[in-house]
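Visitor: For reference, the structure I am asking about is given below.
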Amino acid sequence: MSEALEFYPRLITPATPLRAVNTSGLIEISNVSKYFGKHKALDDITLTLKPGSVTVILGPSGSGKSTLLRAINHLERVDEGFIRIDGDYIGYRQKGDNLYELKEQEILKQRIGVGYVFQNFNLFPHLSVIENIIEAPLVHKIYSSRQQTIEVALSLLDTVGLRHKADAYPRHLSGGQQQRIAIARALALKPKVMLFDEPTSALDPELVGEVLDVIKNLSQSGVTLVVVTHEIGFAREVADQMIFMVDGQVVESGDAQTLLAHPRHQRTRNFLNKVL
Ligand code: ADP
Ligand code: MG
């Protein structure tokens with residue numbers, strides 16, 4: 001039996017409640033597990049991230065933080081459980097009690113609503129800043145015309161303080177500037193969710209603040225943010241919810257102030273002692 005047939009279609013458990021249609025950016029992660037061979041990278045994760053909230057994920061290297069973010073975008077297919085955004089199954093379509101994996105084109109369409117910002121910026125090196133930003137919205141026809149797409153891109157460049165770099169190429173920008181462009185590029189697709197995977201860990205220390213400031217501004221925008229970062233000051237100031245992961249499990253979660261001031265688990269305390 002092929003691998004695809006072993007896994008799909010999958011029975012949905014537990015039963016799925018109906019929900020209001022006016023929710024936006026609600027992320028539901030239900031009993032999600034993910035294996036790489038025998039290694040369980042995600043171990044029965046259940047989390048609810050409210051629309052417009054900011055969640056910071058902390059945890060040692062290898063604890064599954066990136067795998068969880070990638071699963072939210074269906075860059076990794078989960079083996080058990082499911083993830084929904086505003087009631088839509090990520091990577092799947094529901095038919096009766098079964099989930100059927102979406103086709104590649106449908107997955108790409110679903111990803112439009114979920115922005116992803118990587119540690120290493122991942123700008124297209126051969127495209128100018130403005131071309132980097134307008135490329136995907138043009139392909140997906142997000143705006144009514146090329147002119148409108150350019151106007152939106154310029155206003156996003158204003159938001160991240162880099163309008164004057166519209167015609168520059170990534171190699172001429174600092175890491176902090178490149179990351180701010182990467183954030184503008186993700187926003188140009190009008191996402192309801194933005195995922196950040198250690199967005200400042202490749203930056204020189206003096207450039208970290210300018211990128212965190214952009215993310216902080218976004219926290220007021222109504223977009224649901226999920227940020228993997230070890231920047232504790234940022235977490236304390238901006239996070240509504242903080243999650244601490246070890247070995248693929250969420251060992252602790254709660255509001256950032258409480259978790260940082262009174263970590264309940266020894267592993268959280270050990271980790272915080274190292275990064276604080
Ligand atoms: P983190 O982001 O917290 O450092 P990851 O999510 O990258 O952790 O990885 C979690 C675990 O899964 C690690 O043990 C890692 O080696 C393993 N892993 C991640 N991606 C793959 C992959 N594509 N193939 C095999 N193992 C992987
Ligand atoms: Mg990682």
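Visitor: What FRET efficiency would be calculated for the residue pair Ala166, Gln105, taking the C-beta separation as r and a Förster radius of 22 Å, to the nearest 0.05?
Guide: After rounding, the FRET efficiency stands at 0.10.
Visitor: Helix-only mean residue ellipticity at 222 nm, the chain, DSSP H runs n ≥ 4 weighted -39,500 (n - 2.57), per residue, nearest 500. What is it?
Guide: -10000 deg cm²/dmol
Visitor: Pop a pseudo-label 7 angstrom from the Cα along the beta-carbon direction at both Gln119 and Ser61 and give the gap in nm to one decimal.
Guide: Going by the 7 Å Cα→Cβ label model, 0.8 nm.
Visitor: Would you please put 145-154, 230-239 in order of how densely packed they are, using the mean number of other Cβ atoms within 10 angstrom per residue and starting with the highest?
Guide: The densest-packed peptide leads the list: 230-239, 145-154.
Visitor: Please give the residues of the range 26-45, grouped as numeric ranges, whose backbone N is less than 11 Å from a label point set 7 Å along the Cα-to-Cβ vector of Gln266.
Guide: Under cut-off, by backbone N: nothing.
Visitor: Could I ask something else about it? Treating only the Cβ atoms of Lys and Arg (+1) and Asp and Glu (-1) as charged, compute the dipole magnitude of the chain about its Cα centre; round to the nearest 20 debye.
Guide: About 220 debye.
Visitor: Normalised by the residues of the chain, what does the relative contact order come to in percent, with Cα pairs under 8 Å and at least six apart?
Guide: Across the chain, relative contact order equals 25 percent.
Visitor: Report for the chain the percent antiparallel among DSSP-assigned beta bridges with both residues inside it, nearest 5.
Guide: 60 percent
Visitor: Specify whether the C-alpha gyration tensor of the chain places it in the rounded, prolate or oblate class, a ≥ b ≥ c being the square roots of the eigenvalues: rounded for a/c under 1.5, otherwise prolate if a/b is larger than b/c and oblate if not.
Guide: It comes out oblate by the Cα gyration axes.
Visitor: Can you give the extra length, in nm with one decimal, that the chain gains between Arg236 and Leu127 once fully stretched, where that is 0.36 nm per residue apart less the Cα-Cα distance?
Guide: Length gained, Arg236 through Leu127: 35.6 nm.
Visitor: May I pose another question? Averaged per residue, what accessible area in Å² does the chain show with a 1.4 Å probe, protein chains only?
Guide: Here the per-residue accessible area is 49 Å².
Visitor: Also, I was wondering about something else. For an R0 of 30 angstrom, estimate the FRET efficiency from the Cβ-Cβ distance between Thr46 and Lys190 and round to the nearest 0.05.
Guide: 0.60
Visitor: Which pairs, out of Lys192/Lys216; Lys95/Lys141; Lys109/Lys216; Lys34/Lys65; Lys40/Lys95, put more than 19 Å between their alpha-carbon atoms?
Guide: Pairs exceeding 19 Å: Lys95/Lys141; Lys109/Lys216; Lys40/Lys95.
Visitor: May I ask for the distance between the Cα centers of the range 56-93 and the range 146-174, given as a whole number of Å?
Guide: 30 Å
Visitor: Mean-square fluctuation check for the chain, GNM, Cα pairs under 10 Å: which of Thr258, Thr229, Thr67 is largest?
Guide: Highest fluctuation of the listed residues: Thr258.
The values are calculated or read from the model by the stated rules, or taken from the named source; none is laboratory data. Computed from a predicted model, the values in this text were never measured in an experiment. For neighbour counting, all protein chains shown are included, and Cβ atoms are generated from backbone atoms with ideal geometry for every residue, glycine included. All accessible areas refer to the heavy atoms of the entire protein, side chains included, with ligands and DNA or RNA removed. Shrake-Rupley method; radii C 1.70, N 1.55, O 1.52, S 1.80 Å.
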